[in-house]
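Structure, as C-alpha coordinates:
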Amino acid sequence: MSSPDGPPLSRVTFDRAAQHRTDDAWLADAWTRAKVVLISPKSTTPVGADDRVQFRDAADARDGPRRFLGVIDDVPYFAVTTEEDGDGWKTLREIGGDIGDLEASLVVSAIGLEQWHQRHTHCPRCGSPTVEAQAGWTRICTNDGSQHFPRTDPAVIMLIHDGGDLALLGRGPQWGEGRFSTLAGFVEPGESLEAAVAREVYEEVGIKIHDVRYIASQPWPFPASLMVGFVAQLDGDPSITLDPVEMAEAGWFTREEVRRAADWTDDLETPLDVGPDVRLRAIPPHFSISRYLIDRWLAGAV
(Lines give C-alpha, C1' and ligand atoms only; values in the text may rest on other atoms or scores of the structure.)
Protein backbone atom coordinates (compact mmCIF):
# COMPACT_ATOMS: atom_id res chain seq x y z
CA MET A 1 0.00 0.00 0.00
CA SER A 2 1.16 3.56 -0.60
CA SER A 3 0.24 7.08 0.39
CA PRO A 4 2.06 9.35 -2.08
CA ASP A 5 0.94 12.53 -0.35
CA GLY A 6 2.14 11.50 3.09
CA PRO A 7 5.41 12.48 4.77
CA PRO A 8 8.66 10.68 3.92
CA LEU A 9 9.27 7.33 5.65
CA SER A 10 5.48 6.87 5.80
CA ARG A 11 4.38 6.62 2.18
CA VAL A 12 4.71 2.88 1.59
CA THR A 13 3.74 -0.08 3.69
CA PHE A 14 4.77 -3.65 2.92
CA ASP A 15 3.43 -7.03 3.98
CA ARG A 16 5.11 -7.73 7.30
CA ALA A 17 3.80 -11.33 7.11
CA ALA A 18 3.79 -11.63 10.89
CA GLN A 19 2.22 -15.09 10.66
CA HIS A 20 5.60 -16.45 9.55
CA ARG A 21 7.65 -15.11 12.48
CA THR A 22 7.19 -18.31 14.51
CA ASP A 23 7.51 -20.70 11.54
CA ASP A 24 11.15 -21.79 11.60
CA ALA A 25 10.82 -23.98 8.51
CA TRP A 26 9.30 -21.18 6.48
CA LEU A 27 11.92 -18.69 7.68
CA ALA A 28 14.76 -21.06 6.77
CA ASP A 29 13.40 -21.49 3.24
CA ALA A 30 12.73 -17.75 2.93
CA TRP A 31 16.34 -16.98 3.84
CA THR A 32 17.63 -18.92 0.82
CA ARG A 33 15.87 -16.48 -1.55
CA ALA A 34 15.91 -13.36 0.58
CA LYS A 35 17.09 -9.82 0.01
CA VAL A 36 18.98 -8.37 2.96
CA VAL A 37 19.57 -4.90 4.34
CA LEU A 38 22.68 -4.71 6.51
CA ILE A 39 22.55 -2.54 9.63
CA SER A 40 25.51 -1.67 11.82
CA PRO A 41 25.25 -1.08 15.59
CA LYS A 42 25.56 2.63 14.73
CA SER A 43 22.41 2.29 12.59
CA THR A 44 24.28 2.85 9.33
CA THR A 45 23.61 0.90 6.14
CA PRO A 46 25.64 0.42 2.94
CA VAL A 47 24.65 2.72 0.08
CA GLY A 48 25.78 3.26 -3.49
CA ALA A 49 27.14 6.36 -5.17
CA ASP A 50 23.56 7.62 -5.56
CA ASP A 51 22.89 7.09 -1.82
CA ARG A 52 20.41 4.32 -2.59
CA VAL A 53 20.36 1.38 -0.18
CA GLN A 54 22.41 -1.61 -1.33
CA PHE A 55 20.36 -4.73 -0.67
CA ARG A 56 22.35 -7.98 -0.63
CA ASP A 57 21.44 -11.52 -1.55
CA ALA A 58 21.34 -13.81 1.47
CA ALA A 59 24.45 -15.62 0.25
CA ASP A 60 26.37 -12.33 0.35
CA ALA A 61 25.10 -11.18 3.74
CA ARG A 62 27.27 -11.07 6.85
CA ASP A 63 26.87 -13.17 9.96
CA GLY A 64 24.86 -11.53 12.71
CA PRO A 65 21.39 -11.30 14.23
CA ARG A 66 18.87 -12.00 11.48
CA ARG A 67 15.45 -10.30 11.59
CA PHE A 68 12.58 -10.95 9.20
CA LEU A 69 11.06 -7.71 7.90
CA GLY A 70 8.38 -8.90 5.48
CA VAL A 71 7.54 -9.90 1.93
CA ILE A 72 7.44 -7.74 -1.20
CA ASP A 73 6.33 -9.26 -4.51
CA ASP A 74 6.94 -12.75 -3.09
CA VAL A 75 10.51 -11.82 -2.10
CA PRO A 76 11.33 -12.11 1.62
CA TYR A 77 13.33 -9.25 3.14
CA PHE A 78 15.55 -9.58 6.20
CA ALA A 79 17.74 -7.24 8.22
CA VAL A 80 21.10 -8.45 9.49
CA THR A 81 23.12 -6.61 12.12
CA THR A 82 26.84 -6.61 11.37
CA GLU A 83 29.88 -5.03 12.97
CA GLU A 84 30.94 -3.82 9.54
CA ASP A 85 30.87 -0.05 9.03
CA GLY A 86 32.93 2.62 7.31
CA ASP A 87 33.17 4.14 3.86
CA GLY A 88 29.96 3.73 1.90
CA TRP A 89 27.85 3.29 5.05
CA LYS A 90 25.47 6.10 5.98
CA THR A 91 22.76 6.89 8.50
CA LEU A 92 19.09 7.28 7.71
CA ARG A 93 19.39 11.00 8.45
CA GLU A 94 22.00 11.26 5.68
CA ILE A 95 20.09 9.35 3.01
CA GLY A 96 16.46 9.85 4.02
CA GLY A 97 15.88 12.55 1.43
CA ASP A 98 17.29 10.48 -1.43
CA ILE A 99 16.08 6.91 -1.05
CA GLY A 100 12.80 5.62 -2.44
CA ASP A 101 9.69 5.13 -0.37
CA LEU A 102 9.93 1.33 -0.29
CA GLU A 103 13.60 1.41 0.71
CA ALA A 104 12.80 3.92 3.41
CA SER A 105 10.03 1.77 4.86
CA LEU A 106 12.31 -1.28 5.09
CA VAL A 107 15.28 0.62 6.51
CA VAL A 108 13.15 2.39 9.12
CA SER A 109 11.85 -0.97 10.33
CA ALA A 110 15.34 -2.48 10.37
CA ILE A 111 16.84 0.42 12.31
CA GLY A 112 13.92 0.56 14.72
CA LEU A 113 14.38 -3.12 15.54
CA GLU A 114 18.15 -2.78 15.94
CA GLN A 115 17.77 0.21 18.26
CA TRP A 116 15.26 -1.67 20.40
CA HIS A 117 17.39 -4.80 20.67
CA GLN A 118 20.41 -2.75 21.75
CA ARG A 119 18.48 -1.20 24.64
CA HIS A 120 16.62 -4.30 25.85
CA THR A 121 19.28 -6.91 26.47
CA HIS A 122 17.98 -7.57 29.99
CA CYS A 123 14.57 -8.24 31.43
CA PRO A 124 12.91 -5.18 32.99
CA ARG A 125 11.17 -7.45 35.50
CA CYS A 126 14.08 -9.42 36.96
CA GLY A 127 17.22 -8.12 35.28
CA SER A 128 18.18 -11.42 33.65
CA PRO A 129 19.50 -11.55 30.06
CA THR A 130 16.96 -11.78 27.25
CA VAL A 131 17.28 -13.53 23.88
CA GLU A 132 15.72 -12.80 20.52
CA ALA A 133 12.70 -14.78 19.33
CA GLN A 134 10.02 -14.64 16.64
CA ALA A 135 12.50 -13.70 13.92
CA GLY A 136 13.67 -10.66 15.87
CA TRP A 137 10.29 -9.29 16.89
CA THR A 138 10.35 -10.30 20.57
CA ARG A 139 12.86 -10.90 23.34
CA ILE A 140 12.36 -13.61 25.97
CA CYS A 141 13.74 -13.54 29.48
CA THR A 142 16.07 -16.48 30.12
CA ASN A 143 14.96 -16.61 33.77
CA ASP A 144 11.22 -16.06 34.00
CA GLY A 145 10.23 -16.65 30.36
CA SER A 146 8.44 -13.31 30.00
CA GLN A 147 8.07 -11.90 26.49
CA HIS A 148 9.00 -8.34 25.61
CA PHE A 149 7.98 -6.52 22.45
CA PRO A 150 9.45 -3.54 20.55
CA ARG A 151 8.54 -0.18 22.02
CA THR A 152 7.40 2.86 20.10
CA ASP A 153 7.20 6.18 21.95
CA PRO A 154 4.51 8.56 20.61
CA ALA A 155 5.49 12.19 20.18
CA VAL A 156 3.42 15.05 18.83
CA ILE A 157 4.74 17.60 16.35
CA MET A 158 2.64 20.60 15.36
CA LEU A 159 2.44 23.55 13.02
CA ILE A 160 0.79 26.43 14.88
CA HIS A 161 -0.66 29.29 12.81
CA ASP A 162 -2.66 32.41 13.52
CA GLY A 163 -5.41 31.71 10.99
CA GLY A 164 -3.79 34.13 8.58
CA ASP A 165 -0.26 34.68 7.32
CA LEU A 166 1.81 33.77 10.38
CA ALA A 167 3.26 30.47 11.62
CA LEU A 168 4.92 29.81 14.96
CA LEU A 169 8.39 28.23 14.75
CA GLY A 170 10.97 27.58 17.42
CA ARG A 171 14.63 26.73 17.89
CA GLY A 172 16.03 24.41 20.51
CA PRO A 173 19.26 25.25 22.39
CA GLN A 174 21.12 22.55 20.47
CA TRP A 175 20.30 24.05 17.05
CA GLY A 176 22.35 26.56 15.13
CA GLU A 177 21.26 30.17 15.09
CA GLY A 178 18.74 30.90 12.35
CA ARG A 179 17.42 27.35 12.03
CA PHE A 180 13.79 26.99 13.13
CA SER A 181 11.27 24.17 13.13
CA THR A 182 7.81 23.25 14.32
CA LEU A 183 7.28 22.52 18.02
CA ALA A 184 7.24 18.93 19.30
CA GLY A 185 7.22 16.85 22.45
CA PHE A 186 6.53 13.42 23.90
CA VAL A 187 3.09 12.25 24.99
CA GLU A 188 2.80 11.68 28.73
CA PRO A 189 1.08 8.70 30.40
CA GLY A 190 -2.69 9.10 30.53
CA GLU A 191 -2.67 11.90 27.95
CA SER A 192 -4.44 12.13 24.59
CA LEU A 193 -2.53 13.27 21.52
CA GLU A 194 -4.58 16.45 21.27
CA ALA A 195 -3.99 17.27 24.92
CA ALA A 196 -0.26 16.71 24.42
CA VAL A 197 -0.25 19.21 21.54
CA ALA A 198 -1.89 21.91 23.66
CA ARG A 199 0.31 21.18 26.69
CA GLU A 200 3.61 21.18 24.79
CA VAL A 201 2.82 24.43 23.00
CA TYR A 202 1.84 26.15 26.23
CA GLU A 203 4.86 24.79 28.14
CA GLU A 204 7.39 25.71 25.47
CA VAL A 205 6.13 29.12 24.31
CA GLY A 206 3.19 30.10 26.56
CA ILE A 207 0.68 30.10 23.68
CA LYS A 208 -2.89 28.81 23.92
CA ILE A 209 -4.34 27.04 20.87
CA HIS A 210 -7.56 25.55 19.52
CA ASP A 211 -8.77 23.66 16.43
CA VAL A 212 -6.18 20.90 16.86
CA ARG A 213 -6.31 18.65 13.79
CA TYR A 214 -4.41 15.48 12.94
CA ILE A 215 -2.52 15.53 9.62
CA ALA A 216 -0.16 12.55 9.33
CA SER A 217 2.40 10.44 11.20
CA GLN A 218 5.99 9.39 10.59
CA PRO A 219 8.12 6.66 12.14
CA TRP A 220 11.27 8.22 13.58
CA PRO A 221 13.72 5.55 14.82
CA PHE A 222 16.05 7.94 16.67
CA PRO A 223 15.74 5.79 18.62
CA ALA A 224 12.08 4.72 18.82
CA SER A 225 9.54 7.48 18.20
CA LEU A 226 6.37 7.79 16.19
CA MET A 227 5.92 11.44 15.27
CA VAL A 228 2.21 12.31 15.09
CA GLY A 229 1.68 15.51 13.13
CA PHE A 230 -0.97 18.15 13.81
CA VAL A 231 -1.92 21.68 12.88
CA ALA A 232 -3.56 24.03 15.37
CA GLN A 233 -4.59 27.66 15.53
CA LEU A 234 -3.68 30.43 17.94
CA ASP A 235 -6.32 31.10 20.56
CA GLY A 236 -6.01 34.61 21.96
CA ASP A 237 -2.80 36.44 22.84
CA PRO A 238 0.13 35.72 20.45
CA SER A 239 2.76 36.86 22.96
CA ILE A 240 5.52 34.30 23.44
CA THR A 241 6.90 33.23 26.82
CA LEU A 242 9.81 30.84 26.34
CA ASP A 243 10.71 27.82 28.42
CA PRO A 244 14.46 28.56 28.62
CA VAL A 245 15.34 24.88 29.03
CA GLU A 246 13.44 23.64 25.98
CA MET A 247 13.59 26.66 23.69
CA ALA A 248 16.36 29.07 22.77
CA GLU A 249 14.13 31.18 20.55
CA ALA A 250 10.68 31.23 18.96
CA GLY A 251 8.74 33.60 16.77
CA TRP A 252 5.86 34.23 14.41
CA PHE A 253 6.99 34.23 10.76
CA THR A 254 5.19 35.20 7.57
CA ARG A 255 4.70 32.85 4.65
CA GLU A 256 7.20 34.89 2.67
CA GLU A 257 9.83 34.54 5.40
CA VAL A 258 9.23 30.80 5.72
CA ARG A 259 9.19 30.26 1.95
CA ARG A 260 12.48 32.14 1.59
CA ALA A 261 14.05 29.99 4.34
CA ALA A 262 12.73 26.88 2.58
CA ASP A 263 14.46 27.92 -0.64
CA TRP A 264 17.71 28.54 1.22
CA THR A 265 17.43 25.15 2.94
CA ASP A 266 16.90 23.33 -0.33
CA ASP A 267 19.62 25.14 -2.29
CA LEU A 268 22.67 23.13 -1.28
CA GLU A 269 24.80 24.49 -4.10
CA THR A 270 24.78 28.17 -3.11
CA PRO A 271 26.48 29.24 0.14
CA LEU A 272 24.08 31.14 2.36
CA ASP A 273 25.01 34.80 2.54
CA VAL A 274 22.42 36.87 4.39
CA GLY A 275 22.62 39.81 6.71
CA PRO A 276 22.56 39.45 10.51
CA ASP A 277 19.11 41.04 10.60
CA VAL A 278 17.56 37.97 8.92
CA ARG A 279 16.27 35.89 11.81
CA LEU A 280 14.89 32.84 9.96
CA ARG A 281 17.53 31.27 7.71
CA ALA A 282 16.69 27.56 7.58
CA ILE A 283 13.91 25.08 8.25
CA PRO A 284 14.04 21.26 8.33
CA PRO A 285 14.79 19.35 5.10
CA HIS A 286 12.11 17.46 3.16
CA PHE A 287 13.05 14.24 4.96
CA SER A 288 11.18 15.26 8.13
CA ILE A 289 7.49 15.46 8.97
CA SER A 290 8.18 18.95 10.32
CA ARG A 291 8.94 20.09 6.77
CA TYR A 292 5.86 18.25 5.51
CA LEU A 293 3.66 20.25 7.91
CA ILE A 294 5.41 23.50 6.97
CA ASP A 295 5.04 22.84 3.23
CA ARG A 296 1.33 22.14 3.65
CA TRP A 297 0.91 25.45 5.43
CA LEU A 298 2.87 27.28 2.74
CA ALA A 299 0.55 25.77 0.15
CA GLY A 300 -2.53 26.85 2.12
CA ALA A 301 -3.58 23.26 2.92
CA VAL A 302 -4.15 23.60 6.67
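The values are calculated or read from the model by the stated rules, or taken from the named source; none is laboratory data. For clarity, every value in this text was computed on a predicted model and none was experimentally measured. Virtual Cβ from ideal backbone geometry, glycine too; neighbours counted across all protein chains shown.
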Among (1) under 30 Å from F230 (Cβ atoms); (2) exposed (fewer than 14 other Cβ atoms within 10 Å of the Cβ), where does D73 come up short? (1)
Among the residues of the stretch 160-195, which ones are of a type in the set (A, V, I, L, M, F, W, C) and touching a residue at least 12 places away in the same chain (Cβ under 8 Å)? I160, L166, A167, L168, L169, W175, F180, L183, A184, F186, V187, L193
Per-region count, the stretch 272-302, residues of a type in the set (A, V, I, L, M, F, W, C), within 19 Å of D165 (Cβ to Cβ) and either modelled with pLDDT of 95 or more or surrounded by fewer than 16 Cβ atoms within 10 Å (Cβ to Cβ) (or both): 9
For A198, state whether it is within 21 Å of E177 (Cβ to Cβ) and surrounded by 15 or more Cβ atoms within 10 Å (Cβ to Cβ). no
Scan the stretch 173-194 residue by residue and report those that are touching a strand residue (DSSP E or B) at 6+ places or on another chain (Cβ under 8 Å), at pLDDT 95 or above and part of a loop (DSSP other than H, G, I, E, B). F180, T182, V187
Take the stretch 13-72 and flag every residue that is of a type in the set (D, E, K, R), within 25 Å of G96 (Cβ to Cβ) and in a loop (DSSP other than H, G, I, E, B). R16, K42, D50, D51, R52, R62
Do you know which of the residues in the stretch 11-46 that are over 19 Å from Q115 (Cα atoms) and under 19 Å from the mean Cα position of the chain (by Cα) is surrounded by the fewest Cβ atoms within 10 Å (Cβ to Cβ)? T13
Those residues of the stretch 25-53 that are free of Cβ contacts under 8 Å to residues at least 12 places away in the same chain and either in the same structural domain as Y292 (by TED's automatic domain parsing) or within 14 Å of F78 (Cα to Cα) (or both) come to a total of 3
Just checking, how many residues over the stretch 73-95 are in a loop (DSSP other than H, G, I, E, B) and over 24 Å from A18 (Cα atoms)? 6
